[in-house]
Amino acid sequence: MRGLGLKLALLRIAMMLCVCKATSTLHPLILVPGSGGNQLEARLTTGYKPSGLFCGRFYPISKDKEGWFRLWFDPSVLLAPFTKCFNQRMMLYYDPDLDDYCNAPGVETRVPEFGSTNSLLYLNPNLKSLTAYMAPLVKFLEGIGYVSGETMFGAPYDFRYGLAAEGHPSHVGSKFLQDLKDLIEKASASNGGKPVILLSHSLGGLYVLQLLNRNPPSWRRRFIRHFIALSAPWGGTVQEMLTFASGSSFGVPLVDPLLVRGEQRSSQSNLWLMPSPKLFGPGKALVITPNKAYSAHDIPEFLKDIGYPEGVIPYISRILPMTEALAAPNVGLTCIFGTGVNTPETLLYGKAGFNKQPEAVYGDGDGTVNLESLSALESLWVFEKNQPLKVIRLSGISHTSILEVRAALDAIIAEISSINSKAQAEVSFE
């Protein structure tokens, strides 16, 4: 019996060594979520002025000892009185004197657990079955040897904020880029100096591209192994014009889109996701009303006509120059996205105006982002000889199901495994 016990012990040790050896071949991986893809917390100060009876500082009742509570996602947003509270607390304000965005008065916000994948798994851990986000993807990554906190990390951020063109401040967004850069360097250092694989979803891809292009080539060569962008809206989306004009409930039946339209319009990142004139030509009408048609080249006029003139200056000065400069970072990049899903291509408004949801003419895309935007880099970078670019199309996969459908997850895992295997082969060859 002792001999058998010894053999089992030696077998366990051998298996552990094999696992360690396999894990050591993995490049560290950092997950960057899309808009709404991680938890947000808030705290109300004495400067907070509630918009209604139900929105006092007593709500919600559940808070930690320092007054922090979950702002996103909280299911009470589905109930009309509390939807108004949510709208007020999520609102951003553009300060023309500072040329930057800030929270609503009396509202402090924070992003929990930066560096960890925890806040990316579920938008509300008490409602796992309803709010799963990156949980299926993380489970698949763990299946090939990735370990959270060791070889796999998360980079959540305040997705309401965005970035701005050179010469314009963007305090919150710029801090996130610095935090992400620091995380990349730490992840590399804790994994023997291996460069990092960045895996983004949706809006996260725009942030990652900006990070790469705002750092020198020497830094990219040292710290970035590869960039995988899932469902990235490189040139924005027509859906965003609907959000600004009429509000969007994103298919949630109990939410009145007009109650959240103010908050959605105020979001700096939503302005960043407007369809880019670089991709959507002046002859392509994206919004049609009885009196006027708007293309991506008419967005300033569109913002005025829907009753949001305060968005014009930030759009023209901060957003437009940034969307027109989709420079190639000369880092290996794989774009993975869905196709063949009905996606709003043109919005048709009637005499009732922008307070009514429009009819839509549909085209190709992933249900949220138009194919012109998803595939933009293929045409924009066609002459970029130093930019490795691979595109993987997944028929019938939607913008969010890319993170949960088996076929999509298999494709993502296969690409990551290929990158790791290629890197290991290069090391062995050396």
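The values are calculated or read from the model by the stated rules, or taken from the named source; none is laboratory data. If you're wondering where the values come from, they're calculated on a predicted model, not measured in any experiment. Note that each Cβ is placed from the backbone with ideal geometry, even for glycine, and that neighbours are counted across all protein chains shown. Just so you know, the surface numbers come from the protein's heavy atoms only, side chains and all, with ligands and any DNA or RNA stripped out. Shrake-Rupley method; radii C 1.70, N 1.55, O 1.52, S 1.80 Å.
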Cβ-defined net charge surrounding Leu123, 10 Å radius [Lys, Arg +1; Asp, Glu -1]: +1
Counting only residues 5 or more places away or on other chains, whose amide H sits under 5 Å from the amide H of Val391 once H atoms are built in the peptide plane? Cys335
Gain on full stretching of the segment that runs from Arg221 to Ser116 - 0.36 nm per residue minus C-alpha separation: 35.3 nm
Descending accessible area (1.4 Å probe), largest on the left, turns Ser418, Ser188 into Ser418, Ser188
Output the pairs from Lys49/Lys84; Lys278/Lys356; Lys292/Lys356; Lys194/Lys422 with a Cα-Cα distance over 18 Å in this structure; if there are none, say none. Lys278/Lys356
Ignoring ligands, DNA and RNA, what percent of the 1.4 Å accessible area of the chain is carbon and sulfur? 58 percent
Convex hull over the Cα atoms of the stretch 334-430, averaged projected area in nm²? 8.7 nm²
Based on the alpha-carbon gyration tensor of the stretch 45-187 and its eigenvalue square roots a ≥ b ≥ c, which shape applies: rounded if a/c is under 1.5, prolate if not and a/b is larger than b/c, or oblate? oblate
Acute angle (nearest 10 degrees) that the helix 257-266 long axis makes with the longest principal axis of the chain, alpha-carbon atoms: 70 degrees
Taking a 1.4 Å probe, which of Glu345, Glu384 shows the most accessible area, and what order do the others take after it? Glu384, Glu345
What figure, in Å² to the nearest 10, do you get for the accessible area of Thr45 with a 1.4 Å probe and non-protein molecules left out? 40 Å²
So with the 1.4 Å probe, I'd like the accessible area per residue for the chain, rounded to whole Å². 45 Å²
Taking a cut-off of 16 Å between Cα atoms, list the lysines near Lys139, but don't count ones fewer than 8 places away on the same chain. Lys128
Is the C-alpha gyration tensor of the stretch 289-373 telling us rounded, prolate or oblate? Criteria: a/c under 1.5 is rounded; beyond that, a/b larger than b/c is prolate, otherwise oblate. oblate
Determine the shape class of the stretch 129-209: with a ≥ b ≥ c the square roots of the Cα gyration tensor eigenvalues, call it rounded for a/c under 1.5, and otherwise prolate if a/b is greater than b/c, oblate otherwise. oblate
In units of 2.2 N^0.38 Å, what is the alpha-carbon radius of gyration of the chain? 1.03
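Among DSSP beta bridges lying fully in the chain, give the percent that are antiparallel, nearest 5.
Close to 45 percent.
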Heavy-atom accessible area ranking, 1.4 Å probe, most first, across Asp74, Asp256: Asp256, Asp74
The stretch 396-405 - phi-based ³J(HN,Hα) in whole Hz, Karplus 6.51/-1.76/1.60, Gly and Pro as x: x, 9, 8, 4, 9, 5, 4, 9, 9, 6
Accessible surface of Leu141 in the full protein assembly, 1.4 angstrom probe, to the nearest 10 Å²? 0 Å²
How much mean residue ellipticity at 222 nm does the chain get from its helices, if each DSSP H run of length 4 or more adds -39500 (n - 2.57) and you divide by all residues, to the nearest 500 deg cm²/dmol? -10500 deg cm²/dmol
Net charge, Leu92 excluded, C-beta distance under 12 Å - Lys, Arg +1, Asp, Glu -1: -2
